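The values are calculated or read from the model by the stated rules, or taken from the named source; none is laboratory data. This is a predicted model, so every value here is computed, not measured. Positions of Cβ are backbone-derived with ideal geometry, glycine not excepted, and every protein chain shown enters the neighbour counts.
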Amino acid sequence: MTDEMVESLLKAPPFSKIDPSGFKRSLPLRDILKNDVRIIGFDEGDIIVRRGDWGNSAFFILSGNMRVELERKQTSLPDEILGRRTSRVKTFWESLTQLWHNNTEPEVREIAAVSSSKATFHSRNTHGGTRIYLQEVSAVLDKYRTARLEPGQWFGEVAALGRTSRVATVFSEGVSQLLEIRWQGIRDILRYDKEGSLKQYIEDVFRERALSAFLRTDPLFQACQPELMQRIVEQVEFHTFGNYDSHQPFKQLLEDQNHKTDGREPVIIREGDYPSGIVMIRSGLARISQRHYNGQRTIGYLSPGQIFGLDEIQAEVKGLTPVACNAQLSAIGHLNAVLVPTALVEEILVQNSQSKSSDSQKKKKNVRPTGSQSVKLNDDILLSQLVDRHYVQGTSLMVIDLDRCTRCDDCVRACATTHDNNPRFIRHGPILNQYMIPNSCLHCVDPICMIECPTGAIFRDLAQGDIIINEQTCIGCAQCASNCPFNAIRMVDIRDAKGALIVDSQTQAPLTQATKCDLCIDQRGGPACERACPHDALFRVDMHDATKVEEAFSP
Amino acid sequence: MRKILFQNRNTIAAFVIISLIIVASCNLFAITLSHTSFVTGTVLLICLLMLAGYQLRKKLSILLIGKTSAWLQFHIFLGLLTSVLFMLHIKMQIPDGLFEFVLFLNYLTVFFSGVAGWILSRRIPHRLLSRGEEVIFERIPLHRRNIHEKVKSLVRESNTSEKAAIPDFYEEHLRTFFEGPRNQLRHILHSERHRHELSQKITALKPFLNPQELAVLQQLTEQIQLKDDLDYQYVFQAIIKLWPFVHVPLTYSLIIFALYHTLAVCAFASTSG
C-alpha cells in the first residue's frame with residue numbers, strides 16, 4: 001500500500017469512523033493499514049472465498065457487488081466448478097487393477113491433471129495471480145440461491161478471527177474492488193479502537209447469524225424456550241485466549257524435550273474461583289487441570305462445542321450455595337469461547353428440570369445430567385503427554401499399539417500400494433506408554449496447514465471431514481508442509497507415466513507437490529493401513545470423542 | 001474385535017465342538033466301510049488351499065474383502081483344525097512310504113512353524129517394547145555404524161600417550177562387540193551375562209585411569225548400553241521378519257506335494273471298499 005492509498009482509505013468509512021488517537025505511537029492506524037491491508041480487484045465470476053476453506057483475512061467491499069451463496073448441501077455450488085477435488089470411491093475393479101496398473105516409479109501424475117487442461121473448473125491469470133472463476137455468472141445466479149453484498153459491507157471476518165472455516169462461498173458479480181485485511185490488522189484495530197465499532201459489528205454479525213445455532217449443538221440448550229434463547233443470545237460474552245500464531249511456538253516446543261506448556265497457557269478459569277457462567281468452546285482446545293504439589297496435573301480437555309462449569313452451577317442450584325471450580329481451565333494455543341452467564345444457566349436448568357418432570361423419560365435423552373463433557377483418561381500421564389504434544393488436535397490420530405505390533409510393515413506396504421507406490425506415513429514417532437504415534441496426518445480439528453494455502457488446494461472434505469490435497473490445484477509452494485507442526489506433509493517430486501521427473505517448462509526445475517495421508521478417501525472400506533494390520537495393532541482415534549479415546553487408550 | 005482369537009472362550013468352544021464333529025463324522029462314515037482317508041484328505045487339501053489364501057489376502061490389501069486381522073484369526077483357527085484332520089487322515093500312524101513320509105514331515109514343519117510364528121507374534125512385540133529405543137529394522141545397521149564411529153572417535157581422543165589404557169581396552173574387549181550384531185543367542189534367552197562380564201572388566205579398569213580417561217570410559221559405557229539394546233532390537237525384529245520366510249515356502253512345497261499325492265491316490269486307489 002502506498003501512502004496515498006492509505007490517506008484515501010483513512011478519509012472513507014469504515015476507517016474514517018475509527019478514532020486514531022487510541023492507537024499506540026509505535027503502531028498507529030496508518031501503519032496497520034499500510035502493512036496489513038491491500039486493495040485487490042476482481043473480475044466477473046472470480047471466487048473470493050469458498051465454503052469450507054480456512055483463511056486468515058477478512059474483506060471489505062470498496063466497489064462493485066459480491067454474491068454470497070446461501071444454500072447448503074445438495075443445492076450448493078458443486079465442488080468441481082469451485083476447483084475442488086471431487087472424491088469418488090473406486091469401484092472393486094478399479095481397486096483390483098491398481099495391482100498391475102500402478103506405476104513402478106513413485107508419485108506418477110498425468111500431465112493433464114497437473115496442467116489443469118482436463119479440469120472442470122476455470123482459472124485465469126488476472127490482477128497478478130491465478131484465480132478460479134465461475135464462467136457464466138448469470139446462469140449461476142438463476143440456478144443457485146445467493147444474496148448480494150454491497151459496498152461498505154464486511155465478510156470473512158468471523159472465520160479469520162475465530163480460525164474456523166468459511167461458512168459460504170463468495171464470488172464477484174461484475175468488476176469489483178475489495179480491501180483485504182490480515183487477521184493481525186483486524187486484531188490490532190479491535191484492540192486500540194476506542195469506539196469499538198468494528199468489534200461491535202463483528203460480534204453483532206455472529207450473534208445475529210450463528211450464535212443460536214451454535215448453542216443448540218449442545219443438549220443443554222436444545223430444549224430452551226425461544227424467549228430464553230433470545231435473552232441468552234443477547235447476553236452471551238465472547239472471549240478469545242492465546243496467540244493466533246500458536247502453532248509457531250508449538251513447532252519450537254516439539255524440539256524442546258521437556259514439553260512444558262501448561263505454565264504458559266492463558267488461564268480461562270482458575271481452580272477455586274466461582275464460575276461467572278459456563279464456558280462453551282467455539283474453536284480451539286482447552287486443558288482441564290488440577291493443582292498437584294507445585295504444578296498442574298492434566299485431567300481432561302475440551303474440544304469445540306464442549307462446555308465447562310456446568311457441574312458447579314448445577315451443584316449451586318441444588319445446594320443454594322456458590323460452589324467453586326475444582327479444576328482449572330486453560331487455552332491450548334488459540335481459543336475462542338462464549339460465556340453464558342450463571343443467571344441464565346440457572347434458568348435453563350430450572351426450565352429443563354420442569355420439563356423433565358413433566359415428560360421425564362423423553363427429556364432424559366436430551367438433557368445431559370452432569371459433567372462438562374470433557375475427554376478424560378484414567379492414565380493422567382498419558383493424557384498429559386497427548387495434550388502437551390497437541391495430539392488432541394487429531395480427528396483421526398493414527399496410533400500403533402506396540403504391544404501387538406510385530407513391525408511387519410504390512411501397513412506401510414498397503415499405504416504404498418494405494419498411493420502411487422509412495423507411503424503417506426512413516427512408521428516411526430514418539431512412544432507414549434505402549435502407543436506409538438507415527439508420522440502421519442492427524443486431520444486436525446484446527447488445520448493450520450490450510451491457513452496459508454494460496455490456491456485452496458488443501459481443504460477439508462465437507463462430507464467426511466478429512467483434510468485432503470487436490471493434486472490439480474497444488475502448486476507445490478510447501479506452505480502447508482512448513483506450517484504443519486507434526487511434519488506430516490511431505491513435498492515429493494512428481495513424475496510422468498514414463499517415470500521421468502515433470503519439470504517446469506521455463507526453469508526446468510522439477511515440480512513438487514504436497515502429499516499426506518488422505519485416509520484412503522477414494523478407496524472402499526477406508527484406510528488401507530488399518531485394514532492391512534494382521535494384529536489390530538494400528539487404529540485411528542477421534543480425539544474429540546470421549547468414549548473412543550477412553551476405549552482406545554485403555555490397556 | 002481387538003481380542004486375540006484364543007483369549008475368547010467362544011472360539012475355544014467352537015474349536016472343540018467342530019473337532020468333535022469331525023471325529024464323529026469320520027467314525028460314522030467308517031461304518032459305511034468307505035475309505036475315510038479320501039474324505040479327510042480332500043477336506044485337508046481344501047483347508048490347505050484356504051490357508052494359503054491368507055498370503056494372497058495380504059497382497060490384496062486394497063480390496064474390501066475383510067480385515068487382515070479377521071483373516072489371520074481364521075487362518076490360525078483353520079490351521080489348528082487341520083491338525084485334527086491330519087491325525088484322522090494318517091490314522092495316528094507314521095506313513096511308511098518315502099513320499100508319504102516326506103509329506104508327513106512337510107506338514108509337521110509347516111504346522112509347527114505356524115504355531116511358532118503365532119507364539120512369536122504374541123511374545124516378541126512385548127519384548128521389543130521392554131528394552132531399547134524403537135528403531136526401524138532396515139535402519140539398525142546405520143545406527144550401529146553411528147555408534148561405532150562415535151566410540152572410535154572417543155577412543156582416538158583418549159589416545160594421548162604411547163600406553164593409553166582406553167585404546168588398549170577397546171582393542172581387547174570392545175572392537176568385536178561394536179563391529180556387528182553380537183550375543184544374539186543370549187538376547188533370545190534373555191541372558192545378560194555378556195553385559196555383566198563387560199561391566200566387570202570396566203570396573204577392573206577404573207583404578208588405572210586418570211579423571212579424563214574415566215570420563216571417556218563413562219561415555220563408552222553409555223555407548224555399550226546403546227549398542228547392546230540395538231542388538232536386542234535387531235535379533236528380535238530379525239526373528240519376526242525372517243519367520244515367514246520359513247513358513248511360507250514350506251507351505252507352497254506342502255501344497256505341491258499334497259496335489260501330487262492327491263493325483264497319485266486318485267489314479268491308483270479306489271474310493272470305497
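The set of residues in the stretch A:150-173 that are of a type outside the set (S, T, N, Q), part of a loop (DSSP other than H, G, I, E, B) and touching a Lys or Arg at 6+ places or on another chain (Cβ under 9 Å) comprises A:GLY156, A:ARG166, A:VAL167, A:ALA168. Out of A:ASP204, A:ASP218, one residue alone is out of contact with any helix residue (DSSP H, G or I) (no Cβ under 7 Å at 6 or more places or on another chain) and free of Cβ contacts under 8 Å to residues at least 12 places away in the same chain. It is A:ASP204.
Considering the stretch B:89-105 alone, what residues qualify as being touching a Phe, Trp or Tyr at 6+ places or on another chain (Cβ under 6 Å) and assigned to a helix (DSSP H, G or I)? Across the stretch B:89-105, the qualifying residue is only B:LEU103. Scanning the stretch A:472-487 for residues that are out of contact with any strand residue (DSSP E or B) (no Cβ under 6 Å at 6 or more places or on another chain) and in a loop (DSSP other than H, G, I, E, B) turns up A:GLN472, A:THR473, A:ILE475, A:CYS477, A:CYS484, A:PRO485, A:PHE486, A:ASN487. Take the stretch A:391-422 and flag every residue that is under 22 Å from A:GLN98 (Cβ atoms) and within 12 Å of chain B (Cβ to nearest Cβ). Hits for the stretch A:391-422 are A:CYS408, A:ASP409, A:ASP410, A:CYS411, A:VAL412, A:ARG413, A:ALA414, A:CYS415, A:ALA416, A:THR417, A:THR418, A:HIS419. When A:ARG460, A:ARG495 are checked against the criterion of being more than 28 Å from A:GLU105 (Cβ to Cβ), of a type in the set (Lys, Arg) and either more than 14 Å from chain B (Cβ to nearest Cβ) or surrounded by fewer than 22 Cβ atoms within 10 Å (Cβ to Cβ) (or both), a single residue qualifies: A:ARG460. Scanning for something among the aromatic types (Phe, Trp, Tyr), over 22 Å from A:ASP522 (Cα atoms) and more than 22 Å from the chain's Cα centre (by Cα), does the stretch A:470-492 turn up at least one residue? No, that holds for no residue. One residue stands out in the stretch A:155-188 among those that are of a type in the set (A, V, I, L, M) and more than 25 Å from A:GLY333 (Cα to Cα): the one that is surrounded by the fewest Cβ atoms within 10 Å (Cβ to Cβ), namely A:VAL175.
Among the listed residues B:GLU138, B:GLU133, which satisfies the condition of being among the charged types (D, E, K, R), exposed (fewer than 11 other Cβ atoms within 10 Å of the Cβ) and in a helix (DSSP H, G or I)?
It is B:GLU138.
Does A:GLU265 satisfy the condition of being of a type in the set (Asp, Glu), farther than 16 Å from A:THR342 by Cα and modelled with pLDDT under 90? Criteria met by A:GLU265. When A:GLN257, A:GLN153 are screened for being closer than 24 Å to A:GLN393 by Cα and at pLDDT below 90, only A:GLN257 passes.
Scanning the stretch A:453-471 for residues that are within 20 Å of A:LEU397 (Cβ to Cβ), outside any strand (DSSP E or B) and of a type in the set (D, E, K, R) turns up A:ASP461, A:ASP466.
Which ranges mark the helices (runs of 4 or more DSSP H) fully within the stretch B:155-273 that have 2 or more residues being touching a Lys or Arg at 6+ places or on another chain (Cβ under 6 Å) and surrounded by 14 or more Cβ atoms within 10 Å (Cβ to Cβ)? Hits in the stretch B:155-273: B:211-268. Hey, does the stretch A:312-323 have a residue that's closer than 29 Å to A:ARG163 by Cα, at pLDDT below 90 and either of a type in the set (D, E, K, R) or crowded, with 22+ Cβ neighbours inside 10 Å (or both)? No.
For the stretch A:26-38, state whether one or more residues are basic (Lys, Arg) and within 24 Å of the chain's Cα centre (by Cα). Within the stretch A:26-38, not a single residue is basic (Lys, Arg) and within 24 Å of the chain's Cα centre (by Cα). State whether the residues of the stretch A:501-513 include one that is part of a loop (DSSP other than H, G, I, E, B) and within 22 Å of the chain's Cα centre (by Cα). Scanning the stretch A:501-513 turns up no residue that is part of a loop (DSSP other than H, G, I, E, B) and within 22 Å of the chain's Cα centre (by Cα).
Any residue at all in the stretch B:98-110 that's crowded, with 18+ Cβ neighbours inside 10 Å, among the polar types (S, T, N, Q), in contact (Cβ under 8 Å) with a residue 60 or more places away in the chain and over 30 Å from B:ASN210 (Cβ atoms)? There is at least one residue in the stretch B:98-110 that is crowded, with 18+ Cβ neighbours inside 10 Å, among the polar types (S, T, N, Q), in contact (Cβ under 8 Å) with a residue 60 or more places away in the chain and over 30 Å from B:ASN210 (Cβ atoms).
Scanning the stretch A:514-544 for residues that are more than 7 Å from chain B (Cβ to nearest Cβ), in contact (Cβ under 8 Å) with a residue 12 or more places away in the chain and in a loop (DSSP other than H, G, I, E, B) gives A:LYS516, A:CYS517, A:ASP518, A:LEU519, A:CYS520, A:ILE521, A:ASP522, A:PRO527, A:ALA537, A:ASP542, A:MET543, A:HIS544.
Selection of the stretch A:174-197 for residues being on the phi > 0 side of the Ramachandran plot and outside any loop (DSSP other than H, G, I, E, B) yields only A:GLY174. Scanning the stretch B:111-137 for residues that are more than 8 Å from every other protein chain (Cβ to nearest Cβ) and in contact with a His (Cβ under 7 Å, 6 or more places away or on another chain) yields B:SER113, B:GLY114, B:GLY117, B:VAL135. Screening the stretch B:54-70 for residues that are within 7 Å of chain A (Cβ to nearest Cβ) and in a helix (DSSP H, G or I) and picking the one that is nearest to B:HIS247 (Cα to Cα) gives B:LYS58. The residue pairs whose first member lies in the stretch A:289-314 and is closer than 21 Å to A:SER276 by Cβ, whose second member is at pLDDT 90 or above and in a helix (DSSP H, G or I), and whose beta carbons are closer than 6 Å, counting only pairs six or more residues apart or on different chains, are A:ILE313/A:THR342; A:ILE313/A:VAL345.
Checked against (1) more than 30 Å from B:VAL265 (Cβ to Cβ); (2) touching a Gly at 6+ places or on another chain (Cβ under 8 Å); (3) of a type outside the set (Lys, Arg), B:GLY114 meets all criteria but (1). With respect to (1) within 13 Å of another protein chain (Cβ to nearest Cβ); (2) in a helix (DSSP H, G or I), the lone exception for B:THR82 is condition (1).
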